[in-house]
1. At a 1.4 Å probe, what is the % contribution of carbon and sulfur to the accessible area of region 17-104?
2. Please work out the FRET efficiency for the pair residue 126 and residue 11, using the Cβ-Cβ distance as r and a Förster radius of 25 Å; give the result to the nearest 0.05.
3. Quick one: pull the percent of accessible area on region 114-155 belonging to carbon and sulfur, 1.4 Å probe, ligands and nucleic acids left out.
4. Local charge sum around residue 42 (other residues, Cβ-Cβ under 14 Å, Lys/Arg +1, Asp/Glu -1)?
5. Measuring from label point to label point, each 7 Å out along Cα→Cβ, what is the residue 103 to residue 32 span in nm?
6. Under 1.5 on a/c is rounded, so check that first for region 53-135, then, if it is not, pick prolate when a/b is larger than b/c and oblate when it is not; a ≥ b ≥ c are the square roots of the alpha carbon gyration tensor eigenvalues.
7. What distance in nm separates the two pseudo spin-label positions at residue 138 and residue 39, each 7 Å out from Cα along the beta-carbon direction?
8. For residue 66 and residue 118, calculate 0.36 nm times their separation in residues minus their Cα-Cα distance, and state this gained length in nm to one decimal.
Amino acid sequence: MANGKKEQIIRTARRLFYEQGIAGTSMDQIAEAVPVSKMTIYKYFSSKDGLIEHVVMAINEETHADFAQMMEQSNDAIELMHHLLRYQKMNDYSPEFINDLVNVYPEYTQQMIEYNEQKNMPLFEEMVFRGQQNGQIRKDISPHLLVLYLSSMKEFMAKPGRLEPFTNMNVLADQFISLLIHGISNTPSITEPPKE
């Protein structure tokens, strides 16, 4: 039961962080929403930063599991990119949450980037290589260099103020992946999403 309570606190904090931003969410609000006493939260997490760290870990693990599932469901790299385009959980991230993460808690933004580089990027690199083998992706592009490019773009976007013009993360992801698909695909028509 204790572990269930801890997970409930993490889920609730995550939801409130998404809705109100991290800075706009107090420990009192989290305690009231769970509902538990604030003392119970501090039993599991020594501070708000400790709770934020657990929320970030949960986001990382869930995103990795989702990415692995998208890879399993994708026949090729282009289809995977279309799955990424339709990744609905990005709608959960409010501009306040993103801005707080980047501007107030850059260490957690960096943790997310590093986790993604270690867990998701090798899978993506493998899928790009397979896309090259089946002729969908230009063979003159190094899969490793493409992964480095994507990682550097993430680090660039994680700098304070870079995401302020974007209020919808899905629009940003849509444009970014569209640019990527047009740049690496062998055939212009390949950028059309697969029929479902």
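The values are calculated or read from the model by the stated rules, or taken from the named source; none is laboratory data. All values reported here derive from a predicted model rather than from experimental measurement. Using ideal geometry, Cβ is built from the backbone for each residue, glycine included, and neighbour counts are taken over all protein chains shown. Areas reflect the complete protein model, heavy atoms only, side chains present, ligands, DNA and RNA absent. Shrake-Rupley method; radii C 1.70, N 1.55, O 1.52, S 1.80 Å.
1. Working: 2060 of 4110 Å².
Reported share for carbon and sulfur atoms: 50 percent.
2. Working: r = 32 Å, r/R0 = 1.26.
It comes out at approximately 0.20.
3. On the way: 1360 of 2420 Å².
Carbon and sulfur atoms account for 56 percent of the accessible area of region 114-155.
4. Net charge in that neighbourhood comes out at +3.
5. In this crude spin-label approximation the distance works out to 2.5 nm.
6. Numbers: a/c = 2.49, a/b = 1.96, b/c = 1.27.
In terms of gyration-tensor shape, prolate.
7. 6.4
8. Working: separation 52, 0.36 × 52 = 18.72 nm, distance 1.53 nm.
Gain on extension, residue 66 to residue 118, equals 17.2 nm.
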